[in-house]
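Trainee: I'd like to ask you about the structure that follows.
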Amino acid sequence: MNPTETLLSRLPAVRGRLRANAALAGQTWFRVGGAAEVLFKPADETDLAEFLMQCPADIPVQVIGASSNLIIRDGGLPGVTIKLGGKFAEIKIANNQITAGAAALDTTIAQHAADATLTGLEFLSGIPGTIGGALRMNAGAYGKEIKDILHSATAIDRAGKIHTITAVELNLTYRHCGAPPDWIFTSATFNAAPGDITEIQNRMTEIKSKREKTQPVRSRTGGSTFANPDGHKAWQLIDAAGCRGMRIGAAQVSELHCNFLLNTGDATAADLENLGEQVRARVLENSGIELRWEIQRIGVPAANQIKSAA
C-alpha cells in the first residue's frame with residue numbers, strides 16, 4: 001500500500017468527495033503548483049464538521065478557495081486539502097443583511113447586493129477570490145475592508161466544533177484576522193443599507209475601470225503580492241528598489257503594477273516565490289523596510305530553493 005492509499009484508509013467516510021493526487025495548478029490564478037495528496041469537497045457544513053471531528057489529529061488539513069491569492073509550491077500539499085463549493089456558495093438576503101457561504105465569490109456577493117439595491121458592498125467587486133479567503137485576511141480595496149461590513153461569521157475548528165463569532169471577536173486589522181489558523185470559515189453575514197441603484201452601479205463601474213487600468217487583471221497573477229507597510233505603499237518601495245519588470249525565468253514583476261507577480265509562460269511556484277524573495281531583499285537593502293507577503297504560500301517545495309530575505 002502506497003502512502004496515499006494508507007492516508008485514504010485512515011480517513012473517515014464522507015458524503016462529499018475524496019480524491020487522491022488531485023492536480024491543483026489549473027485551479028490557481030498563477031497556474032502553478034503541485035497536487036493535493038487528498039482533496040476533500042464536503043457536501044455541506046455537517047459533512048465538514050463530522051470529517052474534522054473524526055480525522056486523525058496527525059494528518060495535516062488545510063483549506064483553499066479560489067486560489068486567487070495563493071502560491072501552491074511545486075511539491076504539492078501533503079495530507080488533506082479541503083475545497084468548499086456547492087452549498088457553501090449560497091447567498092441569501094434579508095433585513096438589509098447578506099449571508100454568504102465561504103465559497104461565494106466576492107464579486108458575486110457585490111452583484112447580489114446591487115441587484116437588491118443595497119449599498120456598502122461595492123468594494124467587493126474589486127477583490128478576486130472567495131469570502132472565506134477575504135475573511136481570513138480581512139481583504140480590502142478602494143477604501144473599505146471586510147471588517148467595515150462584517151456582522152458575524154461561522155467557522156469550524158480542527159476538532160469539528162462550529163463557532164459563530166462577531167466581527168469584534170475576530171479582531172480584524174489590516175490584512176489580519178485573529179481567528180485561530182485551524183478554523184475553516186463556512187459562512188458570513190454582512191451589513192448593508194438601502195441605496196440608489198444608479199449610484200451603486202456607477203461605483204461598481206468605476207472600480208472595474210480603475211482595476212483594469214492599473215492592475216494586470218488579464219494575466220496569470222495572484223493579486224497584491226505584499227502588504228503595505230505602515231506609512232508606505234508596497235509598489236512604491238518596489239519601484240524605488242528597481243524591481244519593476246524583474247524576472248526569474250517566466251516569473252516577472254509586473255510592469256503595469258509592480259506589487260503584482262506574473263507567470264508569463266512556464267514559471268514554477270519556486271520561480272515566483274524566489275522572485276518575491278529577491279524583491280523583498282532589494283527593498284530591504286534600499287529602504288530598510290521588510291515587506292510582508294500578502295499572497296499565501298503553502299505546500300512543499302520541489303527542492304530546497306526558497307531563500308528568505310529576512
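The values are calculated or read from the model by the stated rules, or taken from the named source; none is laboratory data. Source: prediction; values computed, not measured. Positions of Cβ are generated from backbone atoms using ideal geometry, with glycine treated the same way; all protein chains shown enter the neighbour counts.
Trainee: Return yes when residue 179 is over 19 Å from residue 91 (Cα atoms), surrounded by 14 or more Cβ atoms within 10 Å (Cβ to Cβ), in contact with a strand residue (DSSP E or B) (Cβ under 8 Å, 6 or more places away or on another chain) and not charged (D, E, K, R) and no when it is not. Give the steps one after another, and end with the answer.
Mentor: Details: over 19 Å from residue 91 (Cα atoms): yes; surrounded by 14 or more Cβ atoms within 10 Å (Cβ to Cβ): yes; in contact with a strand residue (DSSP E or B) (Cβ under 8 Å, 6 or more places away or on another chain): yes; not charged (D, E, K, R): yes.
Spelling it out, residue 179 is indeed over 19 Å from residue 91 (Cα atoms), surrounded by 14 or more Cβ atoms within 10 Å (Cβ to Cβ), in contact with a strand residue (DSSP E or B) (Cβ under 8 Å, 6 or more places away or on another chain) and not charged (D, E, K, R).
Trainee: Go over the candidates 38, 14 one by one and state the one that is free of Cβ contacts under 8 Å to residues at least 60 places away in the same chain, surrounded by fewer than 20 Cβ atoms within 10 Å (Cβ to Cβ) and touching a strand residue (DSSP E or B) at 6+ places or on another chain (Cβ under 8 Å). Steps first, please.
Mentor: On the way: 38 fails: surrounded by fewer than 20 Cβ atoms within 10 Å (Cβ to Cβ).
From the options 38, 14, the qualifying one is 14.
Trainee: Against the conditions (1) surrounded by fewer than 21 Cβ atoms within 10 Å (Cβ to Cβ); (2) at pLDDT 95 or above, where does residue 30 fall short? Just the number, please.
Mentor: Single failed check for residue 30: (1).
Trainee: Among the residues of the stretch 236-268 satisfying the criterion of being among the small types (Gly, Ala, Ser) and touching a strand residue (DSSP E or B) at 6+ places or on another chain (Cβ under 7 Å), which is surrounded by the most Cβ atoms within 10 Å (Cβ to Cβ)?
Mentor: Taking the stretch 236-268 first, the residues among the small types (Gly, Ala, Ser) are 240-242, 245, 249-251, 254, 265, 267.
Now drop any that are not touching a strand residue (DSSP E or B) at 6+ places or on another chain (Cβ under 7 Å), which leaves 245, 250-251, 254, 267.
Details: 245: 10, 250: 16, 251: 26, 254: 20, 267: 22.
Residue satisfying both the conditions and the ranking: 251.
Trainee: Just to verify a result, which residue in the stretch 214-235, among those that are without any contact (Cβ under 8 Å) to a residue 60 or more places away in the chain and of a type in the set (Lys, Arg), is surrounded by the fewest Cβ atoms within 10 Å (Cβ to Cβ)?
Mentor: Among them, the one singled out is 218.
Yes/no matrix, rows are residues, columns are (1) aromatic (Phe, Trp, Tyr); (2) within 16 Å of the chain's Cα centre (by Cα); (3) over 29 Å from residue 259 (Cβ atoms):
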position: 122; (1), (2), (3): no, no, no
position: 138; (1), (2), (3): no, yes, no
position: 141; (1), (2), (3): no, yes, no
position: 162; (1), (2), (3): no, no, yes
position: 172; (1), (2), (3): no, yes, no
position: 176; (1), (2), (3): no, yes, no
position: 181; (1), (2), (3): no, yes, no
position: 205; (1), (2), (3): no, no, no
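Trainee: Just to be sure I understand, how many residues within the stretch 148-160 are under 21 Å from the mean Cα position of the chain (by Cα) and loosely packed, with under 15 Cβ neighbours inside 10 Å? I'd like the intermediate steps shown before the answer.
Mentor: Our first condition is that a residue be under 21 Å from the mean Cα position of the chain (by Cα); within the stretch 148-160, this holds for 148-158.
From the residues that got through so far, the ones that are loosely packed, with under 15 Cβ neighbours inside 10 Å too are 151.
Final tally of qualifying residues: 1.
Trainee: Continuing with this model, one more query. Within the group 206, 294, 285, which residue is surrounded by fewer than 19 Cβ atoms within 10 Å (Cβ to Cβ) and without any contact (Cβ under 8 Å) to a residue 40 or more places away in the chain?
Mentor: Values: 294 fails: without any contact (Cβ under 8 Å) to a residue 40 or more places away in the chain; 285 fails: without any contact (Cβ under 8 Å) to a residue 40 or more places away in the chain.
After applying the criteria, what remains is 206.
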